[in-house]
Amino acid sequence: MKKNLWLAVSVFLSLFMSFSAWSFTCKTAAGVTVPAGGGDANVYVTLTPSVGASSNLVVDLSQSITCNDEYPPTYIDYVSLQSGSAFGGLLSSFSGTVDYNGTSYAFPTTSETAKVTYNSKSFKSWPVKLNLTPISTAGGWLFPAAL
């Protein structure tokens, strides 16, 4: 049985991204726009819990956030997660990793990630997946599946 949970993920784009020019815009699947220059928006995603040895939840933000360059070719926007990016709010009780544009990083980040380039007026996905593991003092055992 699969159980879906809804969680409001507050994405603070101005804190998570570094950029040399502020000419890109992002929008959520709900149609909320984060304008050039930064801002924040609530992003609602479906969380499907799964039990595993390395992470329990995967949040694929690429399905919920898209961005574009408002002034190509005048500006080319380079977007990355800054060092110190971390889970906040309801997610503060989780640790984990972030897959940013196909590369996995410890989360909270300890260095700036590689950059994603936005150089078109066409919206494209923001390539971010959060792999969440609850922070708990509870111990446990991992048993392999029976053969």
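Quick look at the numbers
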item: Residue that is farthest from Thr133 (Cα to Cα), among those in the stretch 68-90 that are within 13 Å of the chain's Cα centre (by Cα) and buried (at least 18 other Cβ atoms within 10 Å of the Cβ); result: Val79
item: Filter pass, Thr110 being modelled with pLDDT of 90 or more, polar (S, T, N, Q) and not in a strand (DSSP E or B); result: yes
item: Filter result (under 22 Å from Ser23 (Cβ atoms) and of a type in the set (Ser, Thr, Tyr)) within the stretch 75-116; result: Tyr75, Tyr78, Ser80, Ser85, Tyr100, Thr113
item: Subset of the stretch 52-62 [under 19 Å from Leu90 (Cβ atoms) and either at pLDDT 80 or above or assigned to a strand (DSSP E or B) (or both)]; result: Leu57, Val58, Val59, Asp60, Leu61
item: Test set (1) crowded, with 16+ Cβ neighbours inside 10 Å; (2) under 16 Å from Trp126 (Cα atoms); (3) modelled with pLDDT of 80 or more - Val11 fails condition number; result: (3)
item: Residue under evaluation Thr117, criteria (1) touching an Asp or Glu at 6+ places or on another chain (Cβ under 8 Å); (2) assigned to a loop (DSSP other than H, G, I, E, B); (3) surrounded by fewer than 13 Cβ atoms within 10 Å (Cβ to Cβ), criterion not met; result: (2)
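Table: residues versus (1) closer than 17 Å to Ser120 by Cα; (2) surrounded by 18 or more Cβ atoms within 10 Å (Cβ to Cβ); (3) at pLDDT below 80.
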residue: Phe19; (1), (2), (3): yes, yes, yes
residue: Cys26; (1), (2), (3): yes, yes, no
residue: Ala30; (1), (2), (3): no, no, no
residue: Gly38; (1), (2), (3): no, no, yes
residue: Val45; (1), (2), (3): no, yes, yes
residue: Ser50; (1), (2), (3): no, no, yes
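The values are calculated or read from the model by the stated rules, or taken from the named source; none is laboratory data. A quick note: this is a predicted structure, and the numbers were derived from the prediction, not measured. Using ideal geometry, Cβ is built from the backbone for each residue, glycine included, and neighbour counts are taken over all protein chains shown.
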